Amino acid sequence: MQANRRKSQSVARLLSRLLVVLSALGILLALTAIGAGTFSTVFAAQRILEQEAQRALGEFDLFVSDLRRDLLVTAAALIHSNNDGQILRQSLQRNPAIFSITAIRLGGQLLEQRSRLAGVTAQPINVQEWSSTVAAGGVYIGPVDSSAFGVPFVQLVVPASFDDGTVYGALVADVDLTAMQALVSEVGVYGSGYAYILNRADGRLLVYRDLARVQAGETFREALTVDRRVFPGLLGITMGLNGEMVVSIRKDFRSVNWVGVVEAPLWQVLRPYQPVLIVLVTVLIVIVVLVVVTLRFVRQRVTMPLNALRHSVEELRAGNMAHRVNGKYFHPDEIGLLGETLNEMAEQVETRNRTLEWANQMAQESSRVKSEFLATMSHELRTPLNAILGFSGVLLGGMAGKIDEKAHKLISRVEVNARRLLSLINDVLDISKIEAGRMELIETSISPAQLVEAWKAEIEVMAAEKGLTVTTEIDPALPPQLVIDKDRLTQIVSNLLSNAVKFTEKGGVRLTWTARGKIFTIQVEDTGVGIPPHAMNYIFEEFRQVDGSYRRVYGGTGLGLAIVRHLCRLMGGMVQVSSELGKGSTFTVTLPLKTIADEPVQPVQPVQPVQSTASEG
Amino acid sequence: MSSEFASDVLHEWVVVVIDDEPDSLEVAQLVLEYYGADVKTAVNGADGLAAIRQYRPRFVVCDISMPVLDGWGVIREMQHDPALTHIPAIALTAHAMVGDRERALSAGFHSYLPKPLTPATFINDLFRLLVDIPEFKIALSPRS
């Protein structure tokens, strides 16, 4: 039975899954919004940083670039001039940032020097530092130094060469970086954002608003790594100069081997975005909480009560009617109501069961009482009648002395009536027994031939008195031994035979016994008055004869055919009738054919009679 | 009423009939007496046994279901008493159940007749049952 059940689903589980899916979608959306917001904010920040980098660092780059060009021009001019000093002075005038400029040979011999401030000499020049670079034609720029004059300056060295390109010496310019320094220091994007410049060769901090750190010679090589980001590919978010997460823009100097960086702390960048973030995170948390609460609610109000109900229904189905749904799982809602109703129903069923049980016991008791009554009554009724018959018999047999003819006749009439009464009582008791289901079938092995002989012998007397013939025919296919209740079968056939003789005035009666597979039929045919069509319907009913008057003419109790039908049914067969008014009638009994091979011979348990219907038997 | 036997066929035969139903008892007695028997009656098994011991009948007709001592009790006593064991006893019973006949025979009854007794055929049936006993055979000689 279990296998046939459809695979069961759980409404609660489906609902839970739906909730989980919806909330997952919600969370996903929130996370996406968060991500998008963050992305766009940082992206915007990068643009702003870019602008700043352009403004400050770009400017710086240009400044250095201009200076370098000018110095190279000045160096070239020296060759073609007699007045080195004037050339140098003109350069000074052109470039306010330079405060001293020196022409010097590669060997270290000073050629010419001019300084902006009288009495202020140039910085010491260490030829070794840059001679090889310059000799190869390159430009050298020294470290930014703040020690002299309290202002940041840098030494810029460009090669001085002949027309043919041979480098004979260098021009060394001390450049005041104050202005440029300020430019860089004043970068203050996003509040605490800043800019700085590093030497690309060693990562040394060259320009930064905190001069002490520059002076200390701090390095920050990490900035030099081309693409080192915390989240690869993600928006230039890296670890910054001051050890915090920043959004950074890097700008490589073209004029000189420097790297400029503008950074802004990430938290500052995201600050305007914060309120939105808080809202989204709150939404996220709210969604999660709602889902959890809803799931719990569903479980409590739907899943658990339904499971309890299902369990209860199963208990009841298994027959445990005393079971009641446990109230602790239920709330005052539809499911709770269902539980209550179920309990009421179980109560009703239990009560009804008890009532039925009681009624059943009463019925059984009643049946038992009826049987006892039948048995007692049977004995009680027969005893006096047997006494009557006994004494009549003695008198009629002359065994109690001689009696005259008149007395003989009268006593005869007494006896006839007593017999009639006995017959009636036997029939009534038989029918009662059958209908009470108390008729036992005693099956024994008998010989059909012998039975038929006995039946014939019994009816022949009565038939001969009316001048009727009795013929019998046995099918050779009938087995020599049959298993059947001999007395009941005899009762049936005797009834039919005596009826046949009773209702026939001329001609005869024929009994035919045939076999067919698992059944046999006994047919009793007569050439009597026949049965009118309307009577066919009720001929087998108790006390119904064709017409009230017939009873007096033909005798009998009126129960004969009813008993025949009951017995046939009891034995697992049936009786049918066909007739033609004036021609005769044929009664056909059909019964199961059993031989010793089929079943052992033993008494059959009392069989319940089948409910009688009108027409057929 | 035709009978094969003369009306004194049981002349001087002592017969004990035991039956707790008075009417049934009397019918049997009437029929047997008509055929000349000296009938001693009893209404229960105990009295019946006393009668058997006292009168040593030719045969006994005994009902099965009786108070005090029933038919089975009577036949048991007769079997155990060497003086009585040779007396043929015929069982009478109102309930014609399968196995009753076998039970009666195995208990020691000579044979078995169903109740109620039909006066017209009682004697015929009786002798038909007792025919294997020599002295009874003599009684079956045709009517003189």
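The values are calculated or read from the model by the stated rules, or taken from the named source; none is laboratory data. Quantities reported herein were computed from a predicted structural model and do not represent experimental measurements. Counting neighbours? That spans all protein chains shown, and the Cβs are built from the backbone with ideal geometry, glycine included. For accessibility, only protein heavy atoms count, side chains too; no ligands or nucleic acids. Shrake-Rupley method; radii C 1.70, N 1.55, O 1.52, S 1.80 Å.
Quick rundown of the values:
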| item | result |
| --- | --- |
| Pairs, first more than 23 Å from A:Q9 (Cβ to Cβ) and touching a residue at least 12 places away in the same chain (Cβ under 8 Å) in region A:287-302, second in a helix (DSSP H, G or I) and not acidic (D, E), C-beta under 8 Å, six or more apart | A:I287/A:S23; A:I287/A:G26; A:I287/A:I27; A:I287/A:A30; A:V288/A:S23; A:V288/A:I27; A:L290/A:S23 |
| Sole exception among (1) within 14 Å of chain A (Cβ to nearest Cβ); (2) crowded, with 19+ Cβ neighbours inside 10 Å; (3) touching a His at 6+ places or on another chain (Cβ under 8 Å); (4) not aromatic (F, W, Y) for B:I90, by number | (1) |
| Scope region B:31-52; condition farther than 22 Å from B:V9 by Cα, in contact (Cβ under 8 Å) with a residue 12 or more places away in the chain and surrounded by fewer than 20 Cβ atoms within 10 Å (Cβ to Cβ); matching residues | B:V43, B:N44, B:A46, B:D47, B:A51 |
| Residue match in region B:14-30 (condition: without any contact (Cβ under 8 Å) to a residue 60 or more places away in the chain, assigned to a helix (DSSP H, G or I), open to solvent by less than 10 Å² (accessible area, probe 1.4 Å) and away from chain A (no Cβ under 14 Å)) | no |
| Close pairs (6 angstrom Cβ cut-off, 6 or more residues apart or separate chains): modelled with pLDDT under 80 in region A:112-134, of a type in the set (D, E) anywhere | A:A122/A:D174; A:Q123/A:D174 |
| Subset of region A:499-534 [open to solvent by 30 Å² or more (accessible area, probe 1.4 Å), among the hydroxyl-bearing types (S, T, Y) and over 30 Å from A:A597 (Cα atoms)] | A:T527 |
| Number of the exception - A:K456 against (1) touching a Pro at 6+ places or on another chain (Cβ under 9 Å); (2) part of a helix (DSSP H, G or I); (3) more than 18 Å from A:R569 (Cβ to Cβ) | (1) |
| Tally, over region A:424-454, of residues that are more than 14 Å from chain B (Cβ to nearest Cβ) and polar (S, T, N, Q) | 3 |
| Any chance B:D100 is more than 13 Å from chain A (Cβ to nearest Cβ) and either free of Cβ contacts under 8 Å to residues at least 60 places away in the same chain or surrounded by 13 or more Cβ atoms within 10 Å (Cβ to Cβ) (or both) | no |
| Those residues of region A:86-98 which are over 18 Å from A:F162 (Cα atoms) and either at pLDDT below 85 or assigned to a helix (DSSP H, G or I) (or both), in sequence order | A:Q86, A:R89, A:Q90, A:S91, A:L92, A:Q93, A:R94 |
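Okay, residues lined up against (1) modelled with pLDDT of 85 or more; (2) over 24 Å from A:D66 (Cβ atoms); (3) open to solvent by 20 Å² or more (accessible area, probe 1.4 Å):
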{"residue": "A:E218", "(1), (2), (3)": "no, yes, yes"}
{"residue": "A:L224", "(1), (2), (3)": "no, yes, yes"}
{"residue": "A:G233", "(1), (2), (3)": "no, yes, yes"}
{"residue": "A:G236", "(1), (2), (3)": "no, yes, no"}
{"residue": "A:N242", "(1), (2), (3)": "yes, yes, yes"}
{"residue": "A:V247", "(1), (2), (3)": "yes, yes, no"}
{"residue": "A:S255", "(1), (2), (3)": "no, no, no"}
{"residue": "A:V259", "(1), (2), (3)": "yes, no, no"}
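Each row is one residue, and each column tells you yes or no for (1) surrounded by fewer than 13 Cβ atoms within 10 Å (Cβ to Cβ); (2) more than 14 Å from every other protein chain (Cβ to nearest Cβ).
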position	(1), (2)
A:N343	no, yes
A:W358	yes, yes
A:E365	yes, yes
A:L395	no, no
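Each row is one residue, and each column tells you yes or no for (1) under 60 Å from the mean Cα position of the chain (by Cα); (2) open to solvent by 30 Å² or more (accessible area, probe 1.4 Å).
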position	(1), (2)
A:A33	yes, yes
A:T41	yes, no
A:A44	yes, yes
A:D61	no, no
A:T74	no, no
A:F99	no, no
A:R105	no, yes
A:E112	no, yes
